[in-house]
Structures are given as structure tokens and as C-alpha cells.
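Here the structure is laid out as C-alpha cells; the discussion comes afterwards.
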Amino acid sequence: MSEPVLVVDRLDAFYGDFQALFGVSAELRAGEVLAVIGANGAGKSTLLKTIAGLMPTRADAVRFDGAPIGALAAHKVVARGIALVPEGRRLFPSLSVEENLLVGGQLRRPGAWSLARVYELFPVLAERRHTPATALSGGQQQMVAIGRALMSNPSLLLCDEISLGLAPTIVRDIYACVPRIVGEGTAMVMVEQDIGQALAAAKFVICLQEGRVALTGVAAQVSRADIAAAYFGV
Amino acid sequence: MLDWVNTILQGVLLGGLYAMFAAGLSLIFGVMRLVNIAHGDLIVLAAYVALVTTEALGIGPLPAIVVVVPVMALIGYGLQRGLLNFTLGDDILPPLLVTFGLSIIIQNGLLEIFTADSRKLQAGPIEIASIHLPGGIALGTLPVIQFLVAVAVIGALQLLLYRTALGRSFRAVSDDQPVAQLMGINNRHIFALAMAISLAVVAVAGVLLAVRSNFDPAIGPARLIFGFEAVIMGGLASLWGTLAGGILLGVAQTMGARIDPGWQILAGHLVFLLVLAIRPSGMFARPGQ
Amino acid sequence: MNGAMRTVRVGSAGPAHRLVFALLAAVVLGLAAAPYWADRDGIRLLGEFFAYAALASLWNLLAGYAGLVSVGQQAFVGLGGYVMVTLAIFVGVNPLFAIPVAGLAAGVIAVPVASLTFRLRGAYFAIGTWVVAEVFRLLCAQIGALGGGSGASLPARVVLGIAHDRAMREAITYWVALALMLAVLGVIVLLLRSRFGLALTAIRDNELAARSNGVEVGRVKLLVYVLVAAATGMVGAWIFLQKLRVSPDSAFDVNDWTALVIFMTVIGGIGSVEGPIIGTVIFFIMRESLSDLGSVYLMILGLVAIGVMLRAPRGLWGAVAARTGWQVIPLRRLLRLE
């Protein structure tokens, strides 16, 4: 078996004096998908933000391609090949669709993804390339957010609640793209409220509860009862 | 009647200079919400750098721009990375106080080195040349050149903001700093580049000011205020609005001066307060901004 | 919550403060007696100190508590000076009585000024207040009857009206300054300890949260602005009473009446009552020992202010208070379980 791309090792995270994560560990290999589930406030987004470098932590609590990156600033983490699709999409409102994508690709990391490939993945964006990004529908905005992250050619893509606030058919369309993304060898960590969607797309799953790992396993093998127990701590 | 047309035209040309004072201020406010109280003193600093350059190299003030622009841009980059980046945050007090302190330091530093004497850069025969328009109106060649330079600088800034990768990064950082970092943008570097460009514009403005009129170490704050008035009257969001704001201020001042020389600056301030009273978002603000 | 009943008392003064108050009272008495123990220069310096301590405390109330960072307070210093001189010269009012009138005038004028400048946010508000001060300066320079750009002096008959004996006149002027400073400090402390002070503290800590808890932020800010303007006008009237002459450039000087005042407040500690006073003391020590350096001294002052802002944003007093919990003027409310 190949070496893991991402190793999260006894990770702690703090907001000031408040500790949000307690000794979280996980591993992921190229082309694999990890689903992170849990109730509101369990620390799912915090885990992604910490991996992406938006929140500092112990250097060796996050290792990527073997190198400790826990203490790196966000802009350096991206340069190494980790991209985050933030919760709520957070597109740049004063930039057009295409400009949002170009900002995502401004590091010019080599790889499979380009403006043309993103438009091929989401053809509707090509039609609306000169529209201000925030004038799009919610689903299209989510496509821009994913495309923007792909433009940096990440070897690890972090997705925070990409189904949030979207109609089920649109969520299905978006998730239909996941195989094409991991097909390029990209690993993914997806935080989801929609457990069914997450388990269907992922190979592994971890469930967080109040900042601690309450369950970890192969997505296809965990039962609903296990998840309910891990979710609510009963 | 013709006199008034002439006065207004002089005001328009003067407005170009004010728009340049404003453009640098507007750029850094847009990118990092920083209002630089030392902006006017940096314009004066640029004028003195030009003075030293012309004397040391024996060249005219306009060629000296080639030296003054990179010098000021470097100062801007260093100032931002070495000092001003540490003041940015939710609290408006630190950047305000630190740039206020900087203003006092620059003023008194210049006073120490160059004394309080008034100086002026000599541009040679072009200073008295003029362009004759039909109807007996004569415009000084130098003010016309200055105005054209101002329009060119603002046009260049506009292109930079909307047609280049750097401009895209500026707008992205302005919209959402944390997410900009997720795109691999080093915000601190981008802020420093914005300040460098701001001071490059300041450099051009400083040279033009030094050719146009006398300067001494104490005139910076008034230039800050003129630039600020042009920014607010133009509406915070747009560079071309800034040019319009600068022209409005310039026309108000020359018309005030025609009524009574003591009213030149006052008339500009009063028009500014009037705009603030009737259209607080500026004369040329885009709707919804 | 079960078990024994407990009384919860909300208080802010402790027994240790009685000693502090006794000390403060002794200092005030000593200062009041200064005309009997200090020489002319000493009296003059102390009077100037009181004026600056009052200006710094007022600016602190404005910026440190109400979040109104003004760099245009010279507008009201100068206005106070001009109103006092005008009343003394043309109406024959005793300049001492002109001081409260100057305050009233500054307060009244502050209302339309606020209605304009409050349209600007943050740092742009700051520069907007500066523009207003410049307008006042340029307008005063247009008043021919007050000497236009070169200004006017208080005539001898007006000066003699305060007291015929020079020593007596200087003592009276000194006492007025002491009284003004004590009144300013007293009002600030009372204000901050009142319900209104709680609203101010709430705005300082989190304006959005204060708003959603029913604090009328706009009205509170306006009230503070007008109050500070009125008091600043009175201090301004006193400053030019001591100088015996006023000119547009000295009356509306941004460096003397705002830059230095801000530096004092920041160095001493913004957002506390003690900070501005300590900052004023430090400033006077620096000025008396460094002023021979001329403009270099101002550069040093600017550097110190920048250094303090970056290294100790709550100033020297803030740094001391954070370490020790000291509070000379009790403002903090403590919940005590008894």
C-alpha cells in the first residue's frame, strides 16, 4: 500500500482559550475520499480550517506528503497542494466567474486542471463566465467554489458542506463530479451534514463528537446504529 | 464671461493633480481599508526626493520621475511590510495613530534636513509656454501636461485593477482576506505591493506639485485633505469618480480664489461639506455601494 | 442553585480606595496651594499641564470610549479661544465669565458639525473632523475685526478686569485651570460610572452587540461628541486667556491641540481614566528635558507613540493595570458574593 498523503496526528485546535479539537487523528491516501460527519459544533469545519492553515497548530499534527505543515500559513499550504472549498462558498463578489477561477489558479501549480477542464466539468459556468460570481444561483456558485479550488491542482481537496442550502437534485449533480475529481488522483476530505450523500461518496468515515473522534471506519461497513451512537454519544 | 471659462479650465487642470493625490489614497483604502494620514507628507517627501535627484544628477524634474517613482515605491513596500502590516485589524485606531505618528516624523525630519524654506523645482522654458485655444483662452503647457499625466496615471491604475492578475488579487483580498489566502495569496505581500503602487503614484504627484508651486515641509497635511476630499466627493468605489471629485475640488478652489484670494482653500472645503450634506456617498458613487 | 441564600452585591469601590482618595485629596490641596509655593514659571507650567490633562482626558472619552477617533478637536479649542476673545473685546465680558459661554457655543456648534461628520466612517470621520477645523481656521482668518490672519490680543483693560495685581491675576487664572481639569475629570468619572457609562463601555467592547441590546448607539455618540466639544471649548478659552492673544494658526493648530493630545493619551493608555493623566505627565517630562532638540524632539515623540501603539496598545497604564489589576478611580463593577 502507498504512503498516506495526509496524516492528522493527535491534532488539538483552539479558539483563544476554547479548545475545539482534542487529539484528532486520521489518514488518507491518494484518490481516496474521507467523510467527516458529526453534529453542529462537533469541530468538523475546525478540522478542515486547521488542515488548510487558517488556524495554526503543532507543526507535526498535520503531515502532508511526509512534511509537517501544521504551523504553515494558509497561502503556503495551498502552494503545497491542499485546497479548501469553504463553507458558504465565499466567492469574491467583485470578481466575475472566470476571475474567481483565475484567482484560484494564480499559483500555476502544474496538473490536470485548467480553465478549460473546469468549464468542461461544469459547462454552465462557461456560458456565464463574465457574470459577477455572486449573481449566480446557489448551485452554480458552489460549482465556481469547487472549480476555484481545483484550479490550484490540489493533491488534497477539502470540501466544507458543499450540499448546504442546495436542492437535492443539484446536490446529486455536484456529487456526480466527485469520481472525476478523485480520478485524477486527488484525495478528498468532505465535511457533510447529509450523511447518506457523504457515505455514498466516501471510502472512509470519521464521526466527531464535541471535538473528539467518536467513530472511525470504512464507509460501506458502518451501520446506522453505530453512527447514531457516535453522533449523540448514547 | 471668458474669464470665468478660463477660471474653470484652470480648475479642471488643477483637479488632475488633486485626483492623483486621491488615487493613491483610494487604492490602499480599497485593498486594505487603511487610511494613511501620512499620505500628504509622503507627497512632500517625494517632492524633496525629486529636489535631491535633480540637484545630484543635474537633470530636469520630469526626467527625475524615473528615479523618484522606484524610490518611493520601495519606501512604500518597506513601510507596509515593516510597520503598517502590524497595525491592520478590526480596530481602526492603530493604523490611524501610527500613520499620524509617521506624519509628524516625516514633517519634522524634512524640517531638520531641508529647513522650513520654500523650495520649487525649475522645469525650464516649458514653465512659461502656453497653448492658445480659440476665443482667446490660453492654457499653460505645463498644467495641461500635468492634467494629461494624471488622466494617464488613473487610466493605468484602472487597467491594473481590472485587467491584470495583480489587480485581480487586489480585488480578491479586498473582498475576503481569509479566502484570498486560501487561493495562495500572501495578503501581507499584496498589501505591501498596494502601498508600493500608491507611493509610486504619490511620487508622480509629488514631482508635479514641486514643479507647479512652492513647497516646504509643512504643506503635507493640506495635500492629504485635498486628496481625501476628492475621494469622498468622487464616491469611495471608483477611480474615475476620484478624478471627477478632484476636478470638482479644483474648480471650486479656482473659482473661490477669483472671488477673493483668501477664499481659495475655503471654497474647496465648503463645496466638500456641501457634497457631504446632500450626497454623503459621493457624487459619482455607483448605486448600491 | 441550591444551598444557603447569598446576597449578590454590585459594587466597585473597596476599602483600599479610601487611602487612595485621601492621597488624591492631599495632592489636590497641594496643587491648589501652588501659588503660595511655586514660582511664576512653575504656575504657568502647571496650568498648561492641567489644560493638556483635560484635553487628553476628553479625547480619550471620545476615542477610547465612544469610538469617535477625531483629529479635529482643534476646531473646538480654537473656537473657544475666539469666542472668549470676541466677548471680552466687543461685549466687555470678563474673560473668566466668557469661558462657560465659549463652552456653550462650542457645544451648540458641535451639533451641526456632528450631523455632517458622522456620515463618514472610521478613519474618514477622523479626516472629516480635520476639514471642519480647517474651515473654522480659514473663516476666522477672514474676520477683519479680530485681526484677520494675524489674530488679536486681549486689550489691557480686559486683562486688568480679571485682577489688577499681576500675581493675583496669575493665581486666579491658575485656579481656573485646576478647577476646569477637576471638573472635566469629575464629569468623566461620574459619566462612566452611570448607566450611560455602561452603554459607552458596551459600545467600546462590541458596537454590534450593544446595538442589538437596545443601546441607542447614535444618540450616545452624539451626546458624547457634543459634551466633549463643549468642555474642549472651555479649555480652549482658558488656553488663550493664559496666552492673552489668539490667531487662526495657533488657535486651530492640529499639532498642538490634537497630535500631541493623541500621543499623550496613547502613551499613557487609551480607554482608562488614569491613562491620559499619566501620558500628560510623561509628555511634560519629555518636553521639559528634550525640547532643546527642536524638531528631533517631535520625531522622538512620534516614534514613542508608534512604539507604544504596536507594543502596548493599552498604553503604559494599561500594561501596569493588566499586570496588577490596579485601578485608582474605581470604575469596574464587581459581583461580590457575601
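Worth a mention:
- Annotation: of all residues in region C:59-85 being modelled with pLDDT of 95 or more and open to solvent by 20 Å² or more (accessible area, probe 1.4 Å), the one that is farthest from the chain's Cα centre (by Cα) is C:Val83.
- From B:Val35, B:Val31, B:Val68, residue being within 14 Å of chain C (Cβ to nearest Cβ), of a type in the set (A, V, I, L, M, F, W, C), open to solvent by less than 20 Å² (accessible area, probe 1.4 Å) and under 18 Å from B:Ile197 (Cβ atoms): B:Val35
- Restricted to region C:111-126, and to residues there that are over 13 Å from C:Val69 (Cβ atoms) and open to solvent by 10 Å² or more (accessible area, probe 1.4 Å), the residue that is modelled with the lowest pLDDT is C:Arg119.
- Residue in region C:199-222 that is without any contact (Cβ under 8 Å) to a residue 60 or more places away in the chain, open to solvent by less than 70 Å² (accessible area, probe 1.4 Å) and either charged (D, E, K, R) or under 25 Å from C:Asp253 (Cα atoms) (or both) present: no
- Test: residue in region A:190-208 that is open to solvent by 50 Å² or more (accessible area, probe 1.4 Å), at pLDDT below 90 and under 14 Å from the mean Cα position of the chain (by Cα): yes
- Every condition in (1) of a type outside the set (Val, Ile, Thr); (2) part of a loop (DSSP other than H, G, I, E, B); (3) free of Cβ contacts under 8 Å to residues at least 24 places away in the same chain is met by C:Ser289 except one, and the failing one is (2).
- Within region B:179-221, considering residues that are away from chain A (no Cβ under 13 Å) and assigned to a loop (DSSP other than H, G, I, E, B), the one least open to solvent (accessible area, probe 1.4 Å): B:Pro217
Residue-wise test of (1) part of a loop (DSSP other than H, G, I, E, B); (2) aliphatic (A, V, I, L, M); (3) closer than 21 Å to A:Gly217 by Cα.
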residue	(1), (2), (3)
A:Val24	no, yes, yes
A:Glu27	no, no, yes
A:Ala30	yes, yes, yes
A:Ala35	no, yes, yes
A:Ser45	no, no, yes
A:Thr50	no, no, no
A:Leu54	yes, yes, no
A:Asp60	no, no, no
A:Gly70	yes, no, no
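- Complete set of residues in region C:127-143 that are assigned to a loop (DSSP other than H, G, I, E, B) and either facing chain B (nearest Cβ under 8 Å) or modelled with pLDDT of 95 or more (or both): C:Gln142
- All of B:Leu161, B:Leu157 fail the test of being within 14 Å of chain A (Cβ to nearest Cβ), in contact (Cβ under 8 Å) with a residue 60 or more places away in the chain and part of a helix (DSSP H, G or I), apart from B:Leu161.
Residue-by-condition table, conditions (1) closer than 23 Å to B:Leu157 by Cα; (2) of a type in the set (Lys, Arg); (3) at pLDDT 95 or above:
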{"position": "B:Val179", "(1), (2), (3)": "no, no, yes"}
{"position": "B:Asn186", "(1), (2), (3)": "yes, no, yes"}
{"position": "B:Ile190", "(1), (2), (3)": "yes, no, yes"}
{"position": "B:Met195", "(1), (2), (3)": "yes, no, yes"}
{"position": "B:Ala205", "(1), (2), (3)": "yes, no, yes"}
{"position": "B:Phe215", "(1), (2), (3)": "no, no, yes"}
{"position": "B:Gly241", "(1), (2), (3)": "yes, no, no"}
{"position": "B:Gly262", "(1), (2), (3)": "no, no, no"}
{"position": "B:Ser281", "(1), (2), (3)": "yes, no, no"}
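Matching residues to (1) within 30 Å of A:Glu127 (Cβ to Cβ); (2) away from chain B (no Cβ under 14 Å); (3) open to solvent by less than 30 Å² (accessible area, probe 1.4 Å):
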{"position": "A:Gly23", "(1), (2), (3)": "no, yes, no"}
{"position": "A:Gly38", "(1), (2), (3)": "no, yes, yes"}
{"position": "A:Gly41", "(1), (2), (3)": "no, yes, no"}
{"position": "A:Pro56", "(1), (2), (3)": "no, no, no"}
{"position": "A:Ala59", "(1), (2), (3)": "no, yes, no"}
{"position": "A:Val77", "(1), (2), (3)": "no, no, yes"}
{"position": "A:Leu91", "(1), (2), (3)": "yes, no, yes"}
{"position": "A:Leu95", "(1), (2), (3)": "yes, no, yes"}
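- Test for B:Val52: is it of a type in the set (A, V, I, L, M, F, W, C) and without any contact (Cβ under 8 Å) to a residue 12 or more places away in the chain: yes
- Test set (1) of a type outside the set (S, T, N, Q); (2) in a helix (DSSP H, G or I); (3) over 22 Å from A:Lys44 (Cα atoms); (4) within 14 Å of chain B (Cβ to nearest Cβ) - A:Ile146 fails condition number: (3)
- Yes/no for B:Glu55 being more than 14 Å from every other protein chain (Cβ to nearest Cβ) and acidic (Asp, Glu): yes
- Within region B:80-102, the set of residues being more than 8 Å from chain C (Cβ to nearest Cβ) and surrounded by 23 or more Cβ atoms within 10 Å (Cβ to Cβ) comprises B:Gln80, B:Leu84, B:Thr99.
- Positions within region C:311-328 being within 16 Å of C:Phe263 (Cα to Cα) and part of a helix (DSSP H, G or I), in sequence order: C:Arg311, C:Gly315, C:Leu316, C:Trp317, C:Gly318
- Here A:Glu87 meets the list (1) within 13 Å of chain B (Cβ to nearest Cβ); (2) not in a loop (DSSP other than H, G, I, E, B) almost entirely, failing just condition (2).
Residue-by-condition table, conditions (1) buried (at least 24 other Cβ atoms within 10 Å of the Cβ); (2) touching a residue at least 40 places away in the same chain (Cβ under 8 Å); (3) closer than 28 Å to A:Ala219 by Cα:
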site: A:Gly104; (1), (2), (3): yes, yes, no
site: A:Gly111; (1), (2), (3): no, yes, no
site: A:Glu161; (1), (2), (3): no, yes, yes
site: A:Ala167; (1), (2), (3): no, no, yes
site: A:Cys177; (1), (2), (3): no, yes, yes
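- Check on C:Gly236, at positive phi, of a type outside the set (Val, Ile, Thr) and touching a residue at least 40 places away in the same chain (Cβ under 8 Å): no
- Hits in region C:144-164 (condition: in a loop (DSSP other than H, G, I, E, B) and either loosely packed, with under 15 Cβ neighbours inside 10 Å or touching a residue at least 60 places away in the same chain (Cβ under 8 Å) (or both)): C:Gly147, C:Gly151, C:Leu154, C:Pro155, C:His164
- Counting the residues of region C:88-110 that are open to solvent by 70 Å² or more (accessible area, probe 1.4 Å) and either β-branched (Val, Ile, Thr) or touching a Cys at 6+ places or on another chain (Cβ under 7 Å) (or both) gives 2.
- Restricting region B:116-128 to residues that are free of Cβ contacts under 8 Å to residues at least 40 places away in the same chain and exposed (fewer than 13 other Cβ atoms within 10 Å of the Cβ), the residue that is farthest from B:Ile59 (Cα to Cα): B:Ile128
- Residue in region B:132-143 that is surrounded by 14 or more Cβ atoms within 10 Å (Cβ to Cβ), assigned to a helix (DSSP H, G or I) and not β-branched (Val, Ile, Thr) present: yes
- Residues of region A:85-118 classified as more than 20 Å from the chain's Cα centre (by Cα) and of a type in the set (Ser, Thr, Tyr), total: 2
- So A:Leu48, is it in contact with a Phe, Trp or Tyr (Cβ under 7 Å, 6 or more places away or on another chain) and of a type in the set (A, V, I, L, M): no
- Residue list for region B:233-266, restricted to those being in a helix (DSSP H, G or I), open to solvent by 20 Å² or more (accessible area, probe 1.4 Å) and within 11 Å of another protein chain (Cβ to nearest Cβ): B:Gly262, B:Trp263, B:Gln264, B:Ile265
The values are calculated or read from the model by the stated rules, or taken from the named source; none is laboratory data. Note that the structure is predicted; figures quoted are calculated from it, not measured. When we count neighbours, we look across all protein chains shown, and the Cβ atoms used for this are built from the backbone with ideal geometry, even at glycine. Ligands, DNA and RNA are stripped out before the accessible areas are found, and what is left, the full protein with its side chains, is counted by its heavy atoms. Shrake-Rupley method; radii C 1.70, N 1.55, O 1.52, S 1.80 Å.
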